[in-house]
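For reference, the structure discussed in these notes is given below.
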Amino acid sequence: MSTDKASIVPFYLPPEERREPGGSVTDYVMAEVARRIVDGEYKPGQRLVEADLTQDLGVSRSSVREALRRLEINRFIVLEPNRGATVATPSREEIVAQFRIREVISGLGARAAAERIAMPGHREIVHQLMRDIEEQLARGSEMNHRRENGRFHRAINEMSGIPDIGNLLDQFNYPILHTIYFRDLSKEHWERNMSDHLDIARALDHGDPDAAEHFAKRHMHRMVDIATAIAQELEKQSRANGRAKT
(Lines give C-alpha, C1' and ligand atoms only; values in the text may rest on other atoms or scores of the structure.)
Protein backbone atom coordinates (compact mmCIF):
# COMPACT_ATOMS: atom_id res chain seq x y z
CA MET A 1 0.00 0.00 0.00
CA SER A 2 1.51 3.31 -1.08
CA THR A 3 1.99 6.09 1.48
CA ASP A 4 2.80 8.65 -1.22
CA LYS A 5 0.39 11.53 -0.54
CA ALA A 6 0.52 12.49 -4.20
CA SER A 7 -1.14 9.16 -4.96
CA ILE A 8 -4.22 9.91 -2.88
CA VAL A 9 -7.18 11.03 -4.96
CA PRO A 10 -8.86 14.08 -3.39
CA PHE A 11 -12.35 13.41 -2.12
CA TYR A 12 -15.11 14.19 -4.58
CA LEU A 13 -16.17 17.80 -5.11
CA PRO A 14 -19.72 18.58 -6.22
CA PRO A 15 -20.00 20.72 -9.37
CA GLU A 16 -20.52 23.99 -7.50
CA GLU A 17 -17.23 23.56 -5.61
CA ARG A 18 -15.03 22.51 -8.52
CA ARG A 19 -12.21 24.80 -9.56
CA GLU A 20 -10.05 25.06 -12.61
CA PRO A 21 -7.59 22.14 -12.84
CA GLY A 22 -4.30 22.75 -11.09
CA GLY A 23 -1.10 20.86 -10.41
CA SER A 24 0.52 18.51 -12.86
CA VAL A 25 -1.02 16.99 -15.98
CA THR A 26 -1.15 13.65 -14.18
CA ASP A 27 -3.04 15.26 -11.29
CA TYR A 28 -5.56 16.65 -13.76
CA VAL A 29 -6.07 13.29 -15.48
CA MET A 30 -6.42 11.48 -12.15
CA ALA A 31 -8.99 13.95 -10.81
CA GLU A 32 -10.96 14.06 -14.07
CA VAL A 33 -11.19 10.28 -14.45
CA ALA A 34 -12.18 9.95 -10.77
CA ARG A 35 -14.88 12.59 -11.31
CA ARG A 36 -16.26 10.80 -14.35
CA ILE A 37 -16.41 7.51 -12.46
CA VAL A 38 -18.28 9.04 -9.52
CA ASP A 39 -20.61 11.03 -11.78
CA GLY A 40 -21.47 7.83 -13.67
CA GLU A 41 -19.94 8.81 -17.00
CA TYR A 42 -17.70 5.75 -16.73
CA LYS A 43 -19.75 2.76 -15.60
CA PRO A 44 -18.67 -0.01 -13.18
CA GLY A 45 -16.88 -2.74 -15.10
CA GLN A 46 -16.27 -0.45 -18.09
CA ARG A 47 -12.87 -0.66 -19.76
CA LEU A 48 -10.82 2.53 -19.83
CA VAL A 49 -8.58 2.48 -22.89
CA GLU A 50 -5.35 4.48 -22.58
CA ALA A 51 -5.44 5.61 -26.22
CA ASP A 52 -9.01 6.88 -25.87
CA LEU A 53 -8.23 8.78 -22.67
CA THR A 54 -5.13 10.28 -24.26
CA GLN A 55 -7.14 11.61 -27.16
CA ASP A 56 -10.17 12.68 -25.14
CA LEU A 57 -8.18 14.59 -22.50
CA GLY A 58 -5.49 15.89 -24.85
CA VAL A 59 -2.61 14.61 -22.75
CA SER A 60 0.33 12.26 -23.16
CA ARG A 61 0.11 8.48 -22.83
CA SER A 62 2.60 8.57 -19.94
CA SER A 63 0.37 10.98 -17.97
CA VAL A 64 -2.63 8.71 -18.49
CA ARG A 65 -0.66 5.64 -17.48
CA GLU A 66 0.58 7.25 -14.25
CA ALA A 67 -2.91 8.57 -13.43
CA LEU A 68 -4.37 5.08 -13.87
CA ARG A 69 -1.70 3.66 -11.58
CA ARG A 70 -2.71 6.13 -8.86
CA LEU A 71 -6.38 5.46 -9.42
CA GLU A 72 -5.76 1.76 -8.88
CA ILE A 73 -4.06 2.54 -5.56
CA ASN A 74 -7.25 4.35 -4.59
CA ARG A 75 -9.47 1.47 -5.80
CA PHE A 76 -11.28 3.52 -8.42
CA ILE A 77 -10.10 1.10 -11.10
CA VAL A 78 -8.54 -2.33 -11.51
CA LEU A 79 -5.49 -2.89 -13.73
CA GLU A 80 -5.16 -6.37 -15.21
CA PRO A 81 -2.48 -7.83 -17.51
CA ASN A 82 -3.56 -8.00 -21.16
CA ARG A 83 -6.82 -6.26 -20.31
CA GLY A 84 -5.84 -2.84 -19.00
CA ALA A 85 -8.00 -0.69 -16.75
CA THR A 86 -11.61 -1.29 -15.78
CA VAL A 87 -13.78 0.72 -13.40
CA ALA A 88 -13.77 -1.05 -10.03
CA THR A 89 -16.74 -2.88 -8.55
CA PRO A 90 -15.82 -3.66 -4.91
CA SER A 91 -17.33 -6.79 -3.38
CA ARG A 92 -19.04 -7.04 -0.01
CA GLU A 93 -16.12 -9.06 1.35
CA GLU A 94 -13.64 -6.38 0.33
CA ILE A 95 -15.78 -3.63 1.82
CA VAL A 96 -16.24 -5.40 5.16
CA ALA A 97 -12.49 -6.09 5.41
CA GLN A 98 -11.61 -2.45 4.72
CA PHE A 99 -14.15 -1.08 7.18
CA ARG A 100 -12.98 -3.44 9.91
CA ILE A 101 -9.54 -1.91 9.51
CA ARG A 102 -11.03 1.60 9.47
CA GLU A 103 -12.93 0.86 12.68
CA VAL A 104 -9.69 0.05 14.47
CA ILE A 105 -7.87 3.11 13.11
CA SER A 106 -10.77 5.47 13.91
CA GLY A 107 -11.12 4.01 17.39
CA LEU A 108 -7.41 4.47 18.04
CA GLY A 109 -7.55 8.09 16.90
CA ALA A 110 -10.52 8.92 19.12
CA ARG A 111 -8.99 7.11 22.12
CA ALA A 112 -5.71 9.00 21.73
CA ALA A 113 -7.57 12.31 21.35
CA ALA A 114 -9.51 11.67 24.58
CA GLU A 115 -6.29 10.82 26.39
CA ARG A 116 -4.85 14.17 25.26
CA ILE A 117 -7.91 16.31 26.01
CA ALA A 118 -6.02 18.23 28.70
CA MET A 119 -3.50 19.48 26.13
CA PRO A 120 -3.68 23.27 25.62
CA GLY A 121 -6.56 24.21 23.37
CA HIS A 122 -7.93 20.70 22.86
CA ARG A 123 -11.07 21.04 24.98
CA GLU A 124 -11.81 24.35 23.26
CA ILE A 125 -11.56 22.59 19.88
CA VAL A 126 -14.06 19.96 21.03
CA HIS A 127 -16.45 22.61 22.34
CA GLN A 128 -16.29 24.36 18.97
CA LEU A 129 -17.01 21.08 17.20
CA MET A 130 -20.10 20.60 19.35
CA ARG A 131 -21.27 24.15 18.65
CA ASP A 132 -20.77 23.51 14.93
CA ILE A 133 -22.88 20.35 15.13
CA GLU A 134 -25.65 22.17 16.98
CA GLU A 135 -25.63 24.90 14.32
CA GLN A 136 -25.84 22.29 11.54
CA LEU A 137 -28.78 20.62 13.29
CA ALA A 138 -30.50 23.99 13.77
CA ARG A 139 -30.21 24.65 10.04
CA GLY A 140 -31.84 21.26 9.45
CA SER A 141 -30.01 20.74 6.18
CA GLU A 142 -27.51 18.10 5.04
CA MET A 143 -25.99 20.50 2.50
CA ASN A 144 -22.22 20.95 2.91
CA HIS A 145 -22.03 17.96 5.25
CA ARG A 146 -19.18 16.44 3.26
CA ARG A 147 -16.97 19.42 4.12
CA GLU A 148 -18.18 19.63 7.72
CA ASN A 149 -17.71 15.90 8.22
CA GLY A 150 -14.14 16.15 7.00
CA ARG A 151 -13.40 19.04 9.35
CA PHE A 152 -14.78 17.11 12.32
CA HIS A 153 -12.70 14.01 11.70
CA ARG A 154 -9.54 15.95 10.83
CA ALA A 155 -9.77 17.79 14.15
CA ILE A 156 -9.91 14.50 16.05
CA ASN A 157 -7.04 13.06 14.02
CA GLU A 158 -4.90 16.10 14.79
CA MET A 159 -5.74 16.02 18.51
CA SER A 160 -4.74 12.34 18.63
CA GLY A 161 -1.08 13.27 18.23
CA ILE A 162 -0.63 10.36 15.81
CA PRO A 163 0.32 11.92 12.46
CA ASP A 164 -0.38 8.79 10.41
CA ILE A 165 -4.02 8.36 11.51
CA GLY A 166 -5.44 10.44 8.66
CA ASN A 167 -3.13 8.92 6.06
CA LEU A 168 -4.03 5.40 7.15
CA LEU A 169 -7.75 6.13 6.93
CA ASP A 170 -7.24 7.46 3.40
CA GLN A 171 -5.35 4.33 2.40
CA PHE A 172 -7.95 1.90 3.77
CA ASN A 173 -10.85 3.45 1.94
CA TYR A 174 -12.93 3.15 -1.20
CA PRO A 175 -13.18 6.78 -2.32
CA ILE A 176 -15.79 5.87 -4.92
CA LEU A 177 -18.15 4.65 -2.15
CA HIS A 178 -17.31 7.62 0.07
CA THR A 179 -17.98 10.15 -2.64
CA ILE A 180 -21.20 8.56 -3.90
CA TYR A 181 -22.44 8.44 -0.29
CA PHE A 182 -21.95 12.18 0.19
CA ARG A 183 -23.29 12.97 -3.26
CA ASP A 184 -26.56 11.13 -2.51
CA LEU A 185 -26.67 11.73 1.26
CA SER A 186 -30.13 11.23 2.74
CA LYS A 187 -31.50 13.29 5.62
CA GLU A 188 -31.79 10.13 7.71
CA HIS A 189 -28.11 9.27 7.31
CA TRP A 190 -27.13 12.90 7.92
CA GLU A 191 -29.06 12.96 11.19
CA ARG A 192 -27.41 9.68 12.25
CA ASN A 193 -23.98 11.12 11.45
CA MET A 194 -24.73 14.19 13.54
CA SER A 195 -25.83 12.03 16.48
CA ASP A 196 -22.67 9.93 16.19
CA HIS A 197 -20.48 13.03 16.04
CA LEU A 198 -22.09 14.41 19.18
CA ASP A 199 -21.51 11.13 21.03
CA ILE A 200 -17.84 11.13 20.03
CA ALA A 201 -17.37 14.80 20.95
CA ARG A 202 -19.01 14.38 24.36
CA ALA A 203 -16.78 11.40 25.14
CA LEU A 204 -13.75 13.48 24.17
CA ASP A 205 -14.94 16.39 26.34
CA HIS A 206 -15.24 14.03 29.31
CA GLY A 207 -11.76 12.67 28.66
CA ASP A 208 -13.16 9.14 28.42
CA PRO A 209 -10.92 7.08 26.08
CA ASP A 210 -13.07 3.94 26.29
CA ALA A 211 -16.26 5.78 25.31
CA ALA A 212 -14.52 7.80 22.60
CA GLU A 213 -13.13 4.62 21.04
CA HIS A 214 -16.49 2.86 21.30
CA PHE A 215 -18.46 5.63 19.62
CA ALA A 216 -15.86 6.17 16.89
CA LYS A 217 -15.84 2.46 16.03
CA ARG A 218 -19.63 2.29 16.10
CA HIS A 219 -19.79 5.29 13.77
CA MET A 220 -17.50 3.59 11.29
CA HIS A 221 -19.31 0.25 11.59
CA ARG A 222 -22.61 1.88 10.61
CA MET A 223 -21.12 2.61 7.20
CA VAL A 224 -20.71 -1.05 6.25
CA ASP A 225 -24.32 -1.65 5.24
CA ILE A 226 -24.52 1.69 3.42
CA ALA A 227 -21.29 1.07 1.54
CA THR A 228 -22.41 -2.45 0.68
CA ALA A 229 -25.69 -1.14 -0.73
CA ILE A 230 -23.79 1.31 -2.92
CA ALA A 231 -21.45 -1.46 -4.06
CA GLN A 232 -24.38 -3.74 -4.90
CA GLU A 233 -25.84 -1.01 -7.10
CA LEU A 234 -22.46 -0.59 -8.80
CA GLU A 235 -22.36 -4.36 -9.35
CA LYS A 236 -25.78 -4.24 -11.03
CA GLN A 237 -24.53 -1.47 -13.29
CA SER A 238 -21.43 -3.51 -14.06
CA ARG A 239 -23.52 -6.55 -15.08
CA ALA A 240 -25.80 -4.35 -17.16
CA ASN A 241 -22.75 -2.79 -18.81
CA GLY A 242 -21.44 -6.28 -19.64
CA ARG A 243 -24.76 -7.37 -21.14
CA ALA A 244 -24.94 -4.22 -23.23
CA LYS A 245 -21.67 -5.18 -24.90
CA THR A 246 -22.79 -8.70 -25.83
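The values are calculated or read from the model by the stated rules, or taken from the named source; none is laboratory data. None of the values given here were measured: they were computed from a predicted structure. Positions of Cβ are backbone-derived with ideal geometry, glycine not excepted, and every protein chain shown enters the neighbour counts. The protein model used for the area step is the full one, side chains on, heavy atoms only, and it has no ligands, DNA or RNA in it. Shrake-Rupley method; radii C 1.70, N 1.55, O 1.52, S 1.80 Å.
Quick rundown of the values:
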read-out	value
Subset of the range 101-143 that is in contact (Cβ under 8 Å) with a residue 24 or more places away in the chain and not in a helix (DSSP H, G or I) - its residue that is least open to solvent (accessible area, probe 1.4 Å)	I117
Yes/no for M194 being more than 21 Å from I105 (Cβ to Cβ) and either aliphatic (A, V, I, L, M) or open to solvent by less than 60 Å² (accessible area, probe 1.4 Å) (or both)	yes
Any hit, the range 214-232, residues being open to solvent by 10 Å² or more (accessible area, probe 1.4 Å), farther than 25 Å from P90 by Cα and either under 14 Å from the mean Cα position of the chain (by Cα) or touching a residue at least 12 places away in the same chain (Cβ under 8 Å) (or both)	yes
Residues being at pLDDT below 95 and on the phi > 0 side of the Ramachandran plot - total across the range 191-246	0
Residue within the range 164-171 that is part of a helix (DSSP H, G or I), more than 30 Å from E233 (Cβ to Cβ) and modelled with pLDDT of 95 or more present	no
Those residues of the range 44-76 which are under 17 Å from P175 (Cβ atoms), open to solvent by 20 Å² or more (accessible area, probe 1.4 Å) and not β-branched (V, I, T), in sequence order	R69, R70, E72, R75
Pair list, Cβ under 9 Å, 6 or more apart: the range 39-59 residue at positive phi, other residue surrounded by fewer than 19 Cβ atoms within 10 Å (Cβ to Cβ) and among the acidic types (D, E)	G45/E235
